[in-house]
Amino acid sequence: MNYAEEIRRLAKEKDALILVHNYEPAEIQDVADICGDSLELARKAKEADAKTLVICGVYFMAETAKILSPEKTVLIPRPDAGCALADQLTPEMVREAKAAHPGAPFVVYVNSSAATKAECDITCTSANAADVVRSLKEDTVLFGPDANLAAWVRKNVPEKTVITVPEDGGCPVHHKVTVEEVEAARKEFPNATVICHPECSPAVQEASDMIGSTGYMIRNCGEEKEWIIVTECGILHPLKKHYPETIFHGIEAVCDHMKLITLKDLYETLNEGKNEVIVEKEIADSARKAIERMIEASA
Ligand code: 13P
Ligand code: SF4
């Protein structure tokens, strides 16, 4: 069977929109209606008028789509695609931090569960974290679970006090990238510009020329001829597609969860309408307020 052709046929027949994250395998990105970063996928999920949304990414992305479009059927071909960062902040940790810092709003990275978002005041993504924090009237904010993204926010919004919860949360895929690796790549490709994701450590951020979300990379990496891309390797596929004349060098960083979905999984999910994402109403209603507040703050 030609899975790609069957997937496109089924998507049309079932009025389904296929939304794919920039880290997914190339063949999954190639059958998408829309590819994007976390913020772009959330926005499109909210605006879409299809009956069904199929989210090819990790579970929190599918939950976010369901929360924003509760009337739609949301499917994820691999419900076991989690996020090691999202697991690091529980609803209890948010409640404890808020009790310890009365009056401080909690800004939660979208890489978190729906139940955790439901306890927070506003969400953010790597594309809008600084804007979201800047938009708040309070001088002190709680921020989690990514301490590296928090460090980047602190640098860009120095007028605020940003307290990280937990103190040392981070994405294992990005956090393990070292300055030595970045410097070795620079030595090998001296004409390349280095761009890293803000989930990388502050030292790697310091060693880079530019910092941004995966969507920011796609929008901005056409300007120079040669790049060293410091984030999950899946991003190289859309970059090469957008800028066929440009040279891209990756580093070794693979998110296993982003590599789980196969064309067969996607076909079966669409065909059988299985792997539906359900978010409890009370949690969804509360989390929606935090996500919609983010969308307004970064409009
Ligand atoms: P983006 O929002 O930049 O696509 O990042 C999502 C993510 O999971 C990064 O590890
Ligand atoms: Fe989560 Fe890191 Fe994978 Fe992104 S790369 S989905 S933050 S584990």
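Residue count for segment 35-68 under the criterion of being over 11 Å from the mean Cα position of the chain (by Cα), crowded, with 22+ Cβ neighbours inside 10 Å and not in a helix (DSSP H, G or I): the result is 5. Pairs linking a residue in segment 124-135 that is among the hydroxyl-bearing types (Ser, Thr, Tyr) to a residue that is assigned to a loop (DSSP other than H, G, I, E, B) and open to solvent by less than 10 Å² (accessible area, probe 1.4 Å), with Cβ atoms under 6 Å and 6 or more positions apart or on different chains, are THR125/VAL110; SER126/PRO198; SER126/SER213.
For segment 96-154, name all the residues that are open to solvent by less than 10 Å² (accessible area, probe 1.4 Å) and either modelled with pLDDT under 95 or of a type in the set (Ser, Thr, Tyr) (or both). Residues satisfying the conditions are TYR109, SER112, THR116, THR123, THR125. Within segment 159-176, the set of residues being more than 10 Å from ligand 2 (Cβ to nearest atom), closer than 24 Å to SER208 by Cβ and open to solvent by less than 70 Å² (accessible area, probe 1.4 Å) comprises LYS160, VAL162, THR164, GLY169. Name the pairs whose Cβ atoms lie under 7 Å apart, with the first residue in segment 57-72 and under 21 Å from ASP15 (Cβ atoms), the second within 15 Å of ligand 1 (Cβ to nearest atom) and open to solvent by 20 Å² or more (accessible area, probe 1.4 Å), and 6 or more positions between them or separate chains? Short answer, once both residue conditions are applied: MET61/SER38. Selection within segment 268-290: residues that are among the β-branched types (Val, Ile, Thr) and part of a loop (DSSP other than H, G, I, E, B). The member of this set that is surrounded by the fewest Cβ atoms within 10 Å (Cβ to Cβ) is ILE278.
Apart from one condition, THR231 fits all of (1) open to solvent by 20 Å² or more (accessible area, probe 1.4 Å); (2) within 15 Å of ligand 1 (Cβ to nearest atom); the exception is (1). If you go through segment 203-256 and keep only what is outside any loop (DSSP other than H, G, I, E, B) and hydroxyl-bearing (Ser, Thr, Tyr), you end up with THR214, TYR216.
The values are calculated or read from the model by the stated rules, or taken from the named source; none is laboratory data. Source: prediction; values computed, not measured. Cβ atoms come from the backbone with ideal geometry, glycine included; neighbour counts cover every protein chain shown. Note: accessible area is taken over every heavy atom of the protein model, side chains too, but ligands, DNA and RNA are not part of it. Shrake-Rupley method; radii C 1.70, N 1.55, O 1.52, S 1.80 Å.
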